[in-house]
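What follows is one structure encoded as structure tokens, with my remarks underneath.
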Amino acid sequence: MIGSFGELGLPASLLDELTRLGYEEPTPIQTAAIPPLLAGSDLLGQAATGTGKTAAFALPMLVGLGERSTRARPAALILVPTRELAMQVSEAVHRYGRGLGVRVVPIYGGQHIGRQLDTLRRGVDVVVATPGRALDHIARGTLKLDDITTVVLDEADEMLDMGFAEDIEAILAQTPPQRQTVLFSATMPARINQIARRHLTDPVRIELGRTPSESAENLLVRQVAYVVRRAHKPAALGRILDVEAPEAAIVFCRTRNEVDELSDQLNGRGYRAEALHGGMDQSQRDKAMGRLKSGTADLLVATDVAARGLDIDQLSHVINYDVPSAPEAYIHRIGRVGRAGREGVAITLAEPREHRLMKNIERVTKQRFEIEKVPTIADMRAKRMELLRGSIRELLIEDESEIAESYRVVVESLSDEFDPMEIAMAAVRLAHINDVDDVDPVEIPDAELRPAGGGAKAKGQKKYERGPKGKRGGGAGMVRLWMSMGRNQGLRPKDVVGAIAGESGIAGRAIGSIEISGTFSLVEIPEDSVEQVIRSMKGAKIRGKSVTVRRDRA
Ligand code: AMP
């Protein structure tokens with residue numbers, strides 16, 4: 001059982017900070033590590049990136065540092081293998097300790113030493129350093145470790161692999177022997193145990209996720225992973241959703257803030273997503289669940305805490321927007337699909353540095369992830385072609401209406417001049433061009449990928465200018481929205497105005513130009529009403545049909 005941060009003995013000021021960050025409950029490593037660290041024990045922990053280990057050592061450290069200190073020399077030293085990690089850990093300590101006024105500085109090779117000197121001279125509480133650069137400063141007399149009360153060796157195995165063993169020894173020799181020492185390592189080779197024996201005093205040992213879980217076996221779940229950098233995750237998720245087309249899915253996030261952000265982003269991209277987290281009251285949650293169950297929403301974006309105890313039958317996909325912090329949490333999440341003999345799909349978006357956490361999950365589930373590539377523009381187009389082919393085929397088989405027949409004259413008149421195959425290709429292409437905007441709503445984050453479509457406009461698109469000229473018409477302060485209906489559905493400008501004004505409450509006058517083409521339409525909306533309009537059009541119908549509204553990609 002995991003419990004709450006409050007039960008771990010953390011003070012109110014830190015609890016507030018964690019709530020602000022949207023953390024709902026401690027991760028297993030935090031539950032295990034925080035109480036003994038608060039009690040002053042040394043600790044030897046096996047934990048990989050992604051388990052929440054930074055907060056596990058940083059929160060108790062912050063408690064020990066106290067508020068708004070004016071000390072001249074650092075009281076805590078965190079040694080890390082790389083510059084990237086130094087920045088990341090320093091940022092995390094800063095974030096957690098913001099309310100306490102903790103001063104933290106990262107020092108690493110490559111950065112101009114002058115800036116680091118200035119900061120050190122002004123006085124800091126926590127130094128996060130790579131071993132080489134820490135030794136430089138010690139040699140210069142600019143980093144004094146006499147007042148250090150806590151040392152953390154983070155990713156100790158990496159530091160040893162990078163040849164920092166002697167540097168670490170030399171640095172530890174400069175610190176007071178009565179300090180608290182914490183060692184985190186993703187693996188525990190003999191050399192780590194040696195260091196622990198030499199430098200840790202009677203440490204508490206924490207090792208998580210070693211026992212394969214019974215419940216992980218016999219799961220009928222296809223487990224797929226995509227390796228994506230953080231910044232590209234929203235776009236990658238959009239494409240994955242387009243290709244997988246889940247009937248109903250839960251997207252799990254780590255924090256409340258992330259749930260809110262992601263559900264907004266997904267709605268902005270035209271998906272129907274509901275947020276669910278511990279910060280919402282019961283009636284808000286019931287509403288969200290109601291919309292999922294009734295099919296008004298397709299996606300639930302949730303934290304583990306909020307999703308606990310939910311029973312949703314029709315889930316086809318569980319999506320881990322972040323790798324869960326422990327294999328047990330992963331198993332718990334994916335246990336929601338693949339029930340009752342139906343195969344489910346579990347999709348995990350992992351950041352490159354989370355490979356170890358993924359390996360742990362594989363070990364515990366006794367299943368390998370199928371690592372797949374995020375669909376490229378070409379994949380998206382191919383998928384669209386496939387859909388197109390299907391719908392043409394359907395039309396050929398089923399549509400015997402008069403309207404269908406009336407197109408004969410178009411083809412016949414062209415067939416004097418062109419080959420029927422060519423005519424068909426041109427017709428399909430025309431249909432496909434109309435689709436292009438529809439197909440790839442996602443911004444392309446990867447510079448190496450070529451953007452889609454070339455912005456081709458559908459032929460026969462008609463623009464209706466509304467309101468005082470010059471003021472609107474793509475003018476300043478207006479944003480274009482894309483709507484999934486067009487002339488083929490009988491859409492008229494007044495339907496667009498009526499629906500938007502009626503649903504969102506903005507004045508019809510405020511709506512700018514409307515362009516209606518075959519399968520979609522573009523409508524201009526004042527920038528400050530965009531979110532309101534998109535939100536209110538969720539689930540709305542025009543001329544009896546559901547319509548999707550999102551920002552236009554172009
Ligand atoms: P780490 O393993 O320390 O690199 O942490 C991985 C990620 O988990 C970081 O983005 C943290 O902000 C986040 N995190 C850490 N603890 C929690 C928690 N208790 N709840 C939600 N997110 C967390």
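The values are calculated or read from the model by the stated rules, or taken from the named source; none is laboratory data. These numbers come from a predicted model, not from an experiment. Ideal geometry is used to build each Cβ from the backbone, glycine not excepted, and the neighbour counts take in all protein chains shown. Side chains included, ligands, DNA and RNA excluded: accessible areas come from the protein's heavy atoms. Shrake-Rupley method; radii C 1.70, N 1.55, O 1.52, S 1.80 Å.
Among the residues of the range 66-79, some residue qualifies, meaning at least one is within 15 Å of the ligand (Cβ to nearest atom) and not in a loop (DSSP other than H, G, I, E, B).
How many residues are in contact with a helix residue (DSSP H, G or I) (Cβ under 7 Å, 6 or more places away or on another chain) and aliphatic (A, V, I, L, M) when one looks only at the range 154-194? Walk me through it before giving the result.
Step one: list which residues in the range 154-194 are in contact with a helix residue (DSSP H, G or I) (Cβ under 7 Å, 6 or more places away or on another chain), which gives 154-157, 159-160, 164, 167-168, 170-172, 174, 181-187, 189, 191-192.
Going one step further and asking which of them are aliphatic (A, V, I, L, M), we end up with 156, 159-160, 168, 170-172, 182-183, 186, 192.
Of the residues in that region, 11 qualify.
Taken over the range 104-132, the criterion of being surrounded by 21 or more Cβ atoms within 10 Å (Cβ to Cβ), over 29 Å from the mean Cα position of the chain (by Cα) and of a type outside the set (A, V, I, L, M, F, W, C) is satisfied by Gln116, Asp125, Pro131. Residues that are touching a residue at least 12 places away in the same chain (Cβ under 8 Å) and among the charged types (D, E, K, R) were ranked within the range 492-512; the one that is least open to solvent (accessible area, probe 1.4 Å) is Asp495. Within the range 59-100, track down each residue that is surrounded by 15 or more Cβ atoms within 10 Å (Cβ to Cβ) and among the hydroxyl-bearing types (Ser, Thr, Tyr). Those that are surrounded by 15 or more Cβ atoms within 10 Å (Cβ to Cβ) and among the hydroxyl-bearing types (Ser, Thr, Tyr): Ser69, Thr82, Ser90, Tyr96. Considering only the range 218-233, I want to know if a residue exists there that is assigned to a strand (DSSP E or B), crowded, with 16+ Cβ neighbours inside 10 Å and touching a Leu at 6+ places or on another chain (Cβ under 7 Å). Yes, the range 218-233 contains at least one residue that is assigned to a strand (DSSP E or B), crowded, with 16+ Cβ neighbours inside 10 Å and touching a Leu at 6+ places or on another chain (Cβ under 7 Å). Note on the range 388-413: among residues that are of a type in the set (Asp, Glu) and in a helix (DSSP H, G or I), the one that is farthest from His432 (Cα to Cα) is Glu402. Taken as a whole, the range 317-329 holds at least one residue that is open to solvent by 10 Å² or more (accessible area, probe 1.4 Å), away from the ligand (no atom under 16 Å from the Cβ), touching a residue at least 12 places away in the same chain (Cβ under 8 Å) and in the same structural domain as Ile240 (by TED's automatic domain parsing).
Could you please find all residues in the range 1-58 being open to solvent by 10 Å² or more (accessible area, probe 1.4 Å), free of Cβ contacts under 8 Å to residues at least 40 places away in the same chain, within 10 Å of the ligand (Cβ to nearest atom) and in a helix (DSSP H, G or I)? Matches in the range 1-58: Thr31 only.
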